[in-house]
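J.: Once you've had a glance at the structure underneath, I'll fire off some questions.
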Amino acid sequence: MKIIDKWRERKKLEKMVTTRLEELLEVAETPEEVAAVLALKEQANQAKKKSWISPDTVVLAACNLLGILLILNFEKIDVVSSKALGFVTRPKI
């Protein structure tokens, strides 16, 4: 429940920032002010995009976990050689 509340709060704040930037854009009189507001709006959009995890990463992690679970299940039945664990990708730091 805490995660949902944080998500709702984030959406509320994003909407508020977008509204205020649009109001500033309407009030801006000089080209420098307009450029500054547009730069702030672009920064807000970039910050919004960076917060998400790539779908490819989620699929890769899920497949790795499934593979590990299959190895563990097989290990109950028979012995797993060390070569069987070579397909599991290691995290790149």
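We did not get these values from a lab; they are worked out from the coordinates using the rules stated. Remember, predicted model here, so these are calculated numbers, not experimental data. No Cβ is skipped: glycine too gets one built from the backbone with ideal geometry, and neighbour counts run over all protein chains shown.
J.: Mind giving me the FRET efficiency for K41 and D78? R0 is 41 Å, r the Cβ-Cβ distance, nearest 0.05 is fine.
T.: 0.10
J.: With only alpha-carbon atoms in the gyration tensor, what are the semi-axes of the equivalent ellipsoid for segment 2-50, in Å, largest first?
T.: Output for segment 2-50: semi-axes of 26, 12, 4 Å.
J.: Net charge around A36, counting only other residues with Cβ within less than 13 Å of its Cβ (Lys, Arg = +1; Asp, Glu = -1)?
T.: That sum, taken over residues with Cβ under 13 Å, equals -3.
J.: Which FRET efficiency, nearest 0.05, do L24 and I3 yield, Cβ-Cβ r, R0 41 Å? Spell out each step's value before the answer.
T.: Working: r = 32 Å, r/R0 = 0.77.
Efficiency at R0 = 41 Å is approximately 0.85.
J.: Let me ask something else. Please identify every one of the GluC sites (Glu not before Pro) in segment 21-71 that sits in a loop by DSSP and has no more than 12 other beta carbons within 10 Å of its own beta carbon. Intermediate values should be presented prior to the final figure.
T.: Details: sites: E22, E23, E26, E29, E32, E33, E42; in loops: E29.
Here the sparse-neighbourhood loop sites are E29.
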